[in-house]
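Engineer: Sharing a structure, written as structure tokens. Questions coming.
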Amino acid sequence: MEKRIARRLAGLKQKRNALVIYSAVLLLVFHSYLVMYINSSYIEQFVGTKAIGAIFTIGSALTILVFLFVSRVLHSVGNYYATLGFLSLNFLAVAGMAMSDTLRTSIPLFVIHLTVLPLIIFNLDVFLEENIGNKESSTGSKRGLLLALTSLVGACTPLLTGYLVGNTGNFGNAYLLSAASLLPVIFIILFAFKNFEDPKYKEIELFAAIRSFWVKRNIRDVFLAHLLLQMFFFFMVVYTPLYLATEIGLDWASIGLIIFAGQLAYVCLEFPIGRIGDLYLGEKEMMIAGFFILALTTASLSFIETSAIWPWALLMFATRVGASFVEVTTESYFFKHTRSSDAQIISFFRITRPLSYVVGALLGSLAILYLPFSYIFIVVGILMLPGVLFANRIADTR
């Protein structure tokens, strides 16, 4: 009887902790999506279109550098204090961007924001992994549900951004609201996780870690697949809104509607994909299909020249169908093979975002320099094709 009560109390505690973590993640998504699609236009005001890639390269390279030592930071101060520190730094950076109107302050603040945000996502992953524990049979469902919820927030937020920016091109209000949305996240971490017990974090020995990571074929291939997906996200976030605003001539309200339509694919598909991966197919087949869809639909964007909203919205939705398959399956597959104590391996997986920004920024800068702007989508479509090979090489979970 006592054991049954203890198990029930433990289950209630786990559900409560999951709800708190999910709330923090959703608020962080709201914070990031408010400015995610206007960041490139914000930077373009100060440095021009061709230099955007260099700014993203600098910030992403700094993120990678910090990730290499993140286990040491967690070992020294714990995930609780590290999360609070990164959140506070990000709040100051974004609030500063809202009030800055010079290159001297705006660009350094943006670099701080770009560097710190992936670290906060990693910190929340540690909390989430500790909550999931060893119940790997539900990993796909839980992460699929979380991705679906974040996608719902991510779909609606650009509509608000479009309203805040409007036709004026004034980004200040969006950045102010984005900064303010971090305050409840700080409050949640401050009070809900003050008694968080850190798992044992392993120090990263760089070359040994890379060698160990590379030897694990399944982890290596899903890492490379996820890297390609993050490169797709980079081009969609940085260059697509800039292309729609400067080349197609759409206002930010229209761009917000197009982004909203694309994000609806995540809302509709990611939780069912997670369930299917857990119960029926596994991840391999859906990952392969996702990359085929991504390659075809993304390349097709190069051939749309109209300023009408619906063709862009329809094709943007189609690209996100492919991205939904790849995102859930790569996330689920990776986290089925890791634990919360594998901070160094998780940090390598989270390096895919800043690493994709480094590679994507370099490729994007070269593409804009030597090709018409519209051809950048063909370049991205071609980049997605190796993902089929990486996905085909992993051992399926079913």
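The values are calculated or read from the model by the stated rules, or taken from the named source; none is laboratory data. This one's a predicted model, so the numbers in the text were calculated from it and none came from an experiment. Quick reminder, even Gly has a Cβ in these numbers, built from the backbone with ideal geometry, and neighbours come from all protein chains shown. All accessible areas refer to the heavy atoms of the entire protein, side chains included, with ligands and DNA or RNA removed. Shrake-Rupley method; radii C 1.70, N 1.55, O 1.52, S 1.80 Å.
Engineer: Can you tally the net charge around Phe377? Count Lys and Arg as +1, Asp and Glu as -1, for every other residue whose Cβ sits under 15 Å from the Cβ of Phe377.
Structural biologist: Net charge around Phe377: -1.
Engineer: If you count, for each residue, the other Cβ atoms within 10 Å and average over each peptide, how do 97-103, 230-236 line up from highest to lowest?
Structural biologist: 230-236, 97-103
Engineer: With every protein chain left in place, what is the accessible area of His75 in Å² (1.4 Å probe, nearest 10)?
Structural biologist: 130
Engineer: Calculate, in nm to one decimal, what Leu385 and Leu19 gain on full extension: separation in residues at 0.36 nm each, minus their alpha carbon distance.
Structural biologist: Here the segment from Leu385 to Leu19 would lengthen by 128.0 nm.
Engineer: Could you state the accessible area per residue of segment 158-197 in Å², with a 1.4 Å probe and every protein chain left in place?
Structural biologist: It amounts to 52 Å² per residue over segment 158-197.
Engineer: While we're on this one: Could you derive backbone 3J(HN,Hα) for segment 97-108 from the dihedral phi with the Karplus parameters 6.51, -1.76 and 1.60 (θ = phi - 60°), listing whole Hz in sequence and x where the residue is Gly or Pro?
Structural biologist: Result, ordered by residue: 4, 5, 9, 8, 9, 10, 4, 4, 9, 5, 5, x Hz.
Engineer: Per residue of segment 225-240, in order, report the coupling 6.51 cos²θ - 1.76 cosθ + 1.60 (Karplus, θ = phi - 60°) as ³J(HN,Hα) in whole Hz, putting x for Gly and Pro.
Structural biologist: Per-residue couplings from phi come out as 5, 5, 4, 5, 4, 5, 5, 4, 4, 4, 5, 5, 6, 8, 9, 5 Hz.
Engineer: How high is the FRET efficiency between Ile309 and His75 when r is their beta carbon distance and R₀ equals 51 Å, given to the nearest 0.05?
Structural biologist: After rounding to 0.05, the efficiency reads 0.50.
Engineer: How far apart, in nm, are the 7 Å Cα→Cβ label points at Thr246 and Leu89?
Structural biologist: 3.0
Engineer: Something else about it: Roughly speaking, what is the stretch gain from Leu159 to Asn195, that is 0.36 nm per residue apart minus the C-alpha to C-alpha distance, in nm to one decimal?
Structural biologist: 9.2 nm
Engineer: Can you tell me the length gained on complete extension of the stretch Val215 to Leu366, counting 0.36 nm per residue apart and subtracting the Cα distance?
Structural biologist: Answer, rounded to one decimal: 51.1 nm.
Engineer: Can you pick out the pairs among Lys216/Lys284; Lys194/Lys336; Lys200/Lys284 whose Cα atoms lie more than 25 Å from each other?
Structural biologist: The answer is Lys194/Lys336; Lys200/Lys284.
Engineer: Could you compute the FRET efficiency for Arg393 and Lys50, with r as their C-beta to C-beta distance and R0 at 51 Å, rounded to 0.05?
Structural biologist: 0.85
Engineer: Ok, one more. From the protein chains alone at 1.4 Å, what is the descending order of accessible area for Arg104, Arg320, Arg353, Arg217, largest first?
Structural biologist: Arg104, Arg217, Arg353, Arg320
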